[in-house]
Amino acid sequence: MTIASNWFFWALLSAVFAALTAIFAKIGIQGVDSDFATLIRTAIIIVILSGFVGFAGKWSNPLDLPARTWQFLTLSALATGASWLCYFRALQVGEASKVAPVDKLSLVLVAIFAFAFLGERPTLREWTGIAMVAGGVLVLSFKR
């Protein structure tokens, strides 16, 4: 299997960039409203991704997409925006080393939602790992 099609490679890179996101955001939001900072971040992402899609020749007519695709991409965008707003607010008032791991409770929720809505069936070993992540979040959330 080549690196380009290896899901684990891309997921690991996602984790690295997500970690850097927390550190860079924590530094960047000092003295700035977290909602405004999220807007600036989003605008930068739009510019970068537009350039990437255009340069890579991946642009296609968005009006050709099926209505169902538009519906779910819109829902995904709304969820992403809400997540980013909440994440930046949490970073502004909390420590990055505590906020980021709690944010990763999303891993547990994805597994539960994928089970309930997508018919995915993690193995016992996978559920054990998911439960360990949930336990780690609980440990981090308790005050000393």
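The values are calculated or read from the model by the stated rules, or taken from the named source; none is laboratory data. All values reported here derive from a predicted model rather than from experimental measurement. Positions of Cβ are backbone-derived with ideal geometry, glycine not excepted, and every protein chain shown enters the neighbour counts. Remember, those area values only see protein heavy atoms, side chains included, never the ligands or the DNA or RNA. Shrake-Rupley method; radii C 1.70, N 1.55, O 1.52, S 1.80 Å.
On inspection, Phe55 passes the criterion of being open to solvent by 90 Å² or more (accessible area, probe 1.4 Å) and modelled with pLDDT of 95 or more. Any idea how many residues of the stretch 1-25 are open to solvent by 60 Å² or more (accessible area, probe 1.4 Å) and assigned to a helix (DSSP H, G or I)? Looking only at that region, the number is 14. In the stretch 68-84, the qualifying residues are those that are open to solvent by 70 Å² or more (accessible area, probe 1.4 Å) and hydrophobic (A, V, I, L, M, F, W, C), and the one that is farthest from the chain's Cα centre (by Cα) is Trp70. Remark: pairs (first residue in the stretch 33-46, modelled with pLDDT under 95; second residue open to solvent by less than 50 Å² (accessible area, probe 1.4 Å) and not β-branched (Val, Ile, Thr); Cβ separation under 6 Å; 6+ apart in sequence or on different chains) = Ser34/Phe88; Ala37/Phe88; Thr38/Phe88. With respect to Ala96, determine if the residue is within 20 Å of Val133 (Cα to Cα), of a type outside the set (Lys, Arg) and open to solvent by less than 50 Å² (accessible area, probe 1.4 Å). The answer is yes for Ala96. Among the residues of the stretch 126-144, not one is in a loop (DSSP other than H, G, I, E, B) and either open to solvent by less than 90 Å² (accessible area, probe 1.4 Å) or in contact (Cβ under 8 Å) with a residue 24 or more places away in the chain (or both).
Within the group Leu65, Leu91, which residue is open to solvent by 50 Å² or more (accessible area, probe 1.4 Å) and not aromatic (Phe, Trp, Tyr)? Spell out the reasoning first.
On the way: Leu91 fails: open to solvent by 50 Å² or more (accessible area, probe 1.4 Å).
The conditions single out Leu65.
Which one of the conditions (1) over 14 Å from the mean Cα position of the chain (by Cα); (2) free of Cβ contacts under 8 Å to residues at least 12 places away in the same chain does Phe17 fail to meet, given that it meets all the rest? Exception for Phe17: condition (1).
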